[in-house]
Structure formats: structure tokens, C-alpha cells
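Q: The structure under discussion is supplied below as C-alpha cells; questions concerning it will follow.
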Amino acid sequence: MEDDQTFATQSLQAQVDDQEKQKKFGTFSGVFRPAVMTIVGVIMFMREGWVVGNAGLIGALVIIALAYVIVTTTALSMSCIVTNVRIGAGGAFAMITKSLGLEVGGAVGIPLFLAQALAGTMYIFGFRQGLTWVFADQITTLTVAGGGVFSIGAIMLCLDLIAFALMFSLAYISTTATFRVQYIVMVLVIIGLGSFYSVAFFPERLIVEPTLFGEFVGSKESGFAGTSFWNVFAIFFPAATGIMIGASMSGDLKDPRRNIPRGTLMALGASATIYITVAYLLSRIATVEELTSNYNVMMDKAVWPTWVWVALLGATFSAGASCLVGAPRILQALGEHKILPKGRWVAKLSPNGEPRRALLLTGAVMLAGILVRDLNMIAPMITMFFLITYLVTNLVVVVEQGLGMVSFRPTFRIWRGVPVLGTLSCLFAMFIINPVLGLTSVAMVMGFYFYLTRLQIPSEQGDMRSGLFVSLAEWAAKHTYNLPNSNERAWKPNLLIPFSDHREIRGEFQLVRDLTYPKGSITLLGLTPETGDDEIKRALPHLGNDFMKEGVFSRWAQVGFNASWEAIGIVMQTLKGTFFKPNILFLRQPKNNDITTDQFQELIDMGRSQNMGVLVFVDEPVAGLGQKQSINVWVRDQSPDWEISMDLGNIDLALLTAYKLAENWDAQIRVVTAIPKPKHLEAATRFLENMLDLARLLDIEIVVETTDFKTALNNAPRADLDLFGLPDPVDFDFMQDVMKARRSACMFVKDSGDENILA
């Protein structure tokens, strides 16, 4: 626990710098190349012809389209997630963990690791099958000459083990070495595809009229006893499962937030184009009988068959090596979060940053798959595990979008229907392919989940489980008034507004509504003098109902007050123990000496003592809030130490408030600071840029005035609302002077400490 607390107090900028030093790969080398080299592999070279022969050209294109609907929606959801959180190592496991917690992340991460490891075994089998295409005669001769000592099965096993040893050795040396080899392999694959595509320039080879709709005759292994559309789809679908390879490298990427979306979507676009064009050419150069009976038809029909063979070997070798690079990183992340027994041992990295212990365990799983010799009985389970991972990835975005939390600010936004379509498509595919196996896979994942729940692993700070429960509770709370505690990621503005004149609230109605809509709440506290005044009592229900009609949950109460404002303090203490407890005290600077400075300070101190943030609104009497098009957030001068940390210094609530208003106003946010010494200009600008990047606030203008604060008030760009830090102690004259200098409405803000714009 002490280690965790020490880690939490470290400078966030230092963490970012350390991580950047370890990260090596960019969009092309770390995501696009391994993903496209995994997708364009054994299925394309050795099974796509069989798919076209069974389903016909149009049927094959429908199968390709369905597979790419699933993986593309998942890729879009994945891109949305990685641009909203700092996922670290672990790929899909890290994404799911950040949102739904370690238990759900681990329950999906374990089968995802197994799926990627065993997928590597399938690529080894594909590599061996490519070898046998060329050396079939030599293998037969060796079998006969050996007098039965060298059986076909033994030779095949030896070839598999040799391929495994080569792939494993390359991955063990380093990820960089593996990726360098992939550059060569990529060239070979391009040459091989070029050899096949060249048939388009020889009209005498395009002699077959495409069969548009196939008869699903089956395979030679089954004696062409027939098959179904969905069986063909199930065989093809693993071809598209390489999208997680790039994401699995998240801990080794220079900028995962940008590398993963760009690289994955580029890989999908390139691979989809290849699969579609290859399907068309296959339908023109080979008959249905050739396509369904000859798995090597793509090589046999190419202009230069040897190059297609080389491409097949290169693609399968590269895909297998990619699995030996990606799967260990998932396993290493699982160990680092203590999800696995002896997790710390598994998570330990080599001096050059490679997860070699996790690689050894991954190699053991792949070796076990090789020794099974018949992956037909576990290959469908691999597909199911991938589908479950895709399903949960889409589900994360469905949940995040539905919760509408302020912390959900992805820089890669997608339409709400995309993750819903992805979730439903994955469910449909699982149970249409094999309902029994689908239920078995779900049961296995649920078993992992309940096992991890019993371990009571310490929750990672910032996951969305509490946000999910809070939102569900809020929905019920509108009827039952129940609400559990929230956290930084589940933060939303819940305002406590004391007032003695309901006309003040009427005048600020739209501002208060925009501060809280759609997920916040309002508690109206009507203050009546001891002499008794029914006007506020009559107005309160109407005010509350008006906010309800605007989509903001509100409640109200009436209390009497005396000169010491003790009633408000009592109400605050009472609300502290309730659900929907307020976290912001909303005040306006009093007019006509309704309250003294000391009384106002006492009121602020009451809110601070109850761990509430404070917003003090000072209205510009002529223009009011203007056109609601721009908001300035003023950051205090921190010279000479402009350093990013988890404690930004009374800026979190101001930025969150500006973000909420900008969302509801469709306004532009501007961050402004004044530094008297020009030598601090670069440090201040870098601080603001890093802060906004970490906060995921896009298109924010930065203004650094190299002058004193008073001069900056007059020189800085005008806005409809300016947000400043609240002076301590409160100073009415200063606040009025600021408002007059800015000639705009102003809001003075004090954090409670529970807000975090970086969450």
C-alpha cells in the first residue's frame, strides 16, 4: 500500500518522460505492419479459394463484408478507447481494465492471451503446409526410404518444431529484430501478391465465368458432403483477427493514442482491399472444382508460383512471430496486475525491456498446441475468444457513451450506433457459428471473472465500474433517492445553491442549467428570514420543476436563517451524509450589502469544510453572459517551476466547469496566463500544452501574456465568461475590479480536491 501511495505522488510528467524513453515503435512499424502481416496470411493463401468455390463470388464477398463489419466496428471502438485513456501495456486487456475493472479485464485478457498464443500455432501449421507444397516428393521419398522409421506424421512434427524454434528464437532476441525481419517479409508478400495479380494482364488465363452463388459443396476431407454459409464464414473469420496484434504492442508504442487508431484502420483498409480483389481473380482463373479441391490453387494459378509460395512462407512465419511478440505482452500485463499466480515473476522484464519470462510461457502454450496435432477441435474456441474480446471492447464504448461522464472525452469520436452494431454482430456470430461452443466460451470467461472477484485484487484507480454503478443508481435515485459515492472519473457537478431571493435563480437559470446538464444535479436551498416569508416557499417547487423539465435532476428545501448563517452550515452537514450529496457550493457576489464579507467568507469556509468546491459568479451588469461563444480559463503564474503533476493547483474545477459550459454552449475555450518575465514563456507554454493534451481537451487556444496580471486583464482576448481562482480570503473589491477590467461575466473558483481534469 505504501508503494502504491508513493507511486501515486510521483510527478506525472516524470512518468510520461520515462515511458517515452522505453517506447520504440510508431504507427507503421508497431501497428500497421504486424497487423496487416497477420491478417494477410494463411487463410488468404490457402483457404480463400475454397471460400469462393463454396459460396460463389457474391457469397464470398458477403462473408468478407460480415467479417470486416465485426472487426471494423471493433477497431473503431478500440480507437475511441485508446484516445480517451492512457492504456499502458496489455492492449485490449488494458483498455477493458481501464473502463470495467481488473476483474472484467482479466476475465477477457486470459482467454485473449490463449487465443493469440494458439493462433500462432495455426500459423506454424500453415508455414509447414507451404513447405510440403514444394517438398511433397522429397517427403514421400524419405518416408519410403526410411522403411517406416520416418512417418509422415513424424516429419510434419519435425517441420513444425523447426518453424517454432525459428520464430521463438527471433522473438526472444528482441521485438526490434522480429519487426526488422517483417520488413523483408513484407517485401516478399508484396512480390508474391504481385505475382498472383499479374494474371489480370494475361487474358488467356481469365477463362472462367465467375460463379456468383455457390452450392456449398464442402471440402475434400468430408468427401464433399456439403456445408453451410455459416460454416464457411467460421473458417474464414480468423483471417480478420489480426487487429489486436498492434494494440497488444501498446506498451511499446511511441504514441498509442495516435498509433493504434491510424495503424489498425490502415491495416483493415489494405487487407480488405486485398481479400476482395483476390476473391475476384480466383473466381476468374479457376473452376469451382479446382477452388474447392485444391488448397494451393492460388500458387498453382499465379504467373510465378514460386514467389507466391515464398510469400506464403513469409506471411505465416511473420504472423507466427507477431503472436510471439503480442501474446507475451498481454501475459506480462496480466502478471503485473497480480491476476496470475506468481504474477510479479511473470511481469519482470529483461534488461532490454523484453517480457522474456512471459515469452517462455507463451512458447510453452504454443508448443502444447503443436503437440496436440489437431487444432480443429480448439481452433473454433480461438475464434470464440477473439469474438468475446471484440464484444467486450465494443461494450466498453457502449457503456462509456451511455454514462455520459465528463471524463469520456475521446479525441477519436464515433457514432453511437457503431459499438452497438459491433456488440450485436459479435453476439450473433458467436451463436450462429456454434451455439454450444459460444455458451462454453462465455461460461469460461464468467468462471475467470468470479475467480478474480474472489481474489479481491486492488482496483486500479480510474476505472469506470463505479461510474456505471453511479449512473444506474442515479436513474433509480430519481425514484428512490439512492446514490453511492462517486470517484474522480465519475465526477459530475452537483450544485448546492443557497439564496434568499428567488429572482436571483431566475436570472441565472440558464447558467445553472448549463453547468449541470445532462448528468449533474441541483439542490436549491431557500433562505427565509425568521419573521417568515412564504414567497420562497411557493417559488421553490416551481424552480425545481423547471430544472427537471430541462433535464436536470433537482431537489429543494427551505430553511430559516439568522445573522450567523448557522442554518446553512447545518444543512451542509446534513447533506454530507445523503446520496446525491452536493460537491459544489454555487454563490453569487451579494449586492446591496445583503451579507458582509466576513459572513460570505464564513459561508465559503462552511462549504470547504464539507469538502465542496466553490463557484462565485460575478455578473457583468450590461452584457451579462454575452453570446456564450467563448470562455477564458485563467491559470495562475507558476514561475519558475512549471511542472505537470496530478495536483495542478486549483485549476481542475475551472477546466471542468469550462468544459461543461463549452459543451452546452458550443463555445470555444481559451486558457490564459500572465507571466511578468518573458524568460518563462517557453516553460509556461509547454506546461499548458502538456496539461491540455493529458486532459484530452482539443482545439483549445493558449494565450500567454508576458506582463503583469493587472495589465493582462486588459490585454487578453475578450470572452463571454472568464474563470479565475477564488481569492483567499475573499475580496469583493478585487473581484469587482477584475470584472470591470474584463468587461465580462466572471466566475471565481476554488477546488475541493476531488476534481481531476486528468482523469
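The values are calculated or read from the model by the stated rules, or taken from the named source; none is laboratory data. Here the structure is a predicted model, which is why all the values come from computation and not from measurement. Backbone-built Cβ (ideal geometry, glycine too); neighbour counts: all protein chains shown.
Q: Return the residue satisfying two criteria in turn: it lies in the stretch 217-227 and is outside any helix (DSSP H, G or I) and in contact with a helix residue (DSSP H, G or I) (Cβ under 8 Å, 6 or more places away or on another chain), and of such residues it is nearest to V69 (Cα to Cα).
A: Applying the filter and picking the extreme gives T227.
Q: With the stretch 228-305 as the region, which helices (runs of 4 or more DSSP H) entirely inside it contain at least 2 residues that are small (G, A, S), assigned by TED's automatic domain parsing to the domain that holds G49 and closer than 20 Å to F179 by Cβ?
A: Here the list reads 243-248, 256-285.
Q: For the stretch 84-135, enumerate the residues that are among the β-branched types (V, I, T) and without any contact (Cβ under 8 Å) to a residue 60 or more places away in the chain.
A: Once the filter is applied, which keeps residues that are among the β-branched types (V, I, T) and without any contact (Cβ under 8 Å) to a residue 60 or more places away in the chain, the stretch 84-135 yields only T132.
Each row is one residue, and each column tells you yes or no for (1) surrounded by 19 or more Cβ atoms within 10 Å (Cβ to Cβ); (2) at pLDDT below 85; (3) not in a helix (DSSP H, G or I).
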position	(1), (2), (3)
C426	yes, no, no
M430	yes, no, no
G438	yes, no, no
S441	yes, no, no
G447	no, no, no
R454	no, yes, no
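Q: Name the residues in the stretch 708-746 that are in a strand (DSSP E or B) and either in contact with a Ser or Thr (Cβ under 7 Å, 6 or more places away or on another chain) or not assigned by TED's automatic domain parsing to the domain that holds P676 (or both), would you?
A: L721, D722, L723, listed by residue number.
Q: Shifting gears a bit: Which one of V187, V181 is in a helix (DSSP H, G or I) and either polar (S, T, N, Q) or free of Cβ contacts under 8 Å to residues at least 12 places away in the same chain (or both)?
A: V187
Q: I'd like the full set of residues that are crowded, with 24+ Cβ neighbours inside 10 Å and either outside the structural domain of L282 (by TED's automatic domain parsing) or at pLDDT below 90 (or both), limited to the stretch 45-77.
A: F45
Q: Which condition breaks for K750 when tested against (1) touching a residue at least 40 places away in the same chain (Cβ under 8 Å); (2) under 15 Å from I631 (Cα atoms)?
A: Among (1) touching a residue at least 40 places away in the same chain (Cβ under 8 Å); (2) under 15 Å from I631 (Cα atoms), K750 violates only (2).
Q: Let me ask you something else. Which residue, of F408, F385, is surrounded by 20 or more Cβ atoms within 10 Å (Cβ to Cβ), under 15 Å from the mean Cα position of the chain (by Cα) and among the aromatic types (F, W, Y)?
A: Matching residue, one of F408, F385: F408.
Q: If you go through the stretch 698-720 one residue at a time, do you hit one that is in contact (Cβ under 8 Å) with a residue 40 or more places away in the chain, within 17 Å of L625 (Cβ to Cβ) and surrounded by 15 or more Cβ atoms within 10 Å (Cβ to Cβ)?
A: Yes, the stretch 698-720 has at least one match.
Q: Turning to a different aspect of this structure: Among what's in the stretch 396-405 and is surrounded by fewer than 21 Cβ atoms within 10 Å (Cβ to Cβ) and not in a loop (DSSP other than H, G, I, E, B), pick the residue that is modelled with the highest pLDDT.
A: Restricting to residues being surrounded by fewer than 21 Cβ atoms within 10 Å (Cβ to Cβ) and not in a loop (DSSP other than H, G, I, E, B), the top hit is V398.
Q: Evaluate the stretch 497-505: report whether one residue or more is at pLDDT 80 or above, in contact with a Phe, Trp or Tyr (Cβ under 6 Å, 6 or more places away or on another chain) and in the same structural domain as R608 (by TED's automatic domain parsing).
A: Checking the stretch 497-505: at least one residue is at pLDDT 80 or above, in contact with a Phe, Trp or Tyr (Cβ under 6 Å, 6 or more places away or on another chain) and in the same structural domain as R608 (by TED's automatic domain parsing).
Q: Here is a further query. I'm checking my understanding of the structure. Among residues of the stretch 645-663 that are buried (at least 20 other Cβ atoms within 10 Å of the Cβ) and over 14 Å from L511 (Cα atoms), which one is nearest to the chain's Cα centre (by Cα)?
A: Checking each candidate, the answer is L656.
Q: Among what's in the stretch 250-284 and is surrounded by 24 or more Cβ atoms within 10 Å (Cβ to Cβ) and β-branched (V, I, T), pick the residue that is nearest to A319 (Cα to Cα).
A: T264
Q: A follow-up question, please. Sort out which residues of the stretch 156-187 are within 34 Å of the chain's Cα centre (by Cα) and over 28 Å from P351 (Cβ atoms), and write them in order of number.
A: Matches in the stretch 156-187: M186, V187.
Q: Another question, then. I'm told I414 meets every condition in (1) in a helix (DSSP H, G or I); (2) in contact (Cβ under 8 Å) with a residue 24 or more places away in the chain; (3) hydrophobic (A, V, I, L, M, F, W, C) except one. Can you identify the failing condition by its number?
A: Condition (1) is where I414 drops out.
Q: Restricting attention to the stretch 664-678, and to residues there that are surrounded by fewer than 20 Cβ atoms within 10 Å (Cβ to Cβ) and touching a Phe, Trp or Tyr at 6+ places or on another chain (Cβ under 9 Å), which single residue is farthest from L688 (Cα to Cα)?
A: Applying the filter and picking the extreme gives N664.
Q: Looking at the stretch 583-691, what strands (runs of 3 or more DSSP E) fall wholly within it and have at least 3 residues that are of a type in the set (V, I, T)?
A: Qualifying strands (runs of 3 or more DSSP E): 613-618, 630-635, 668-674.
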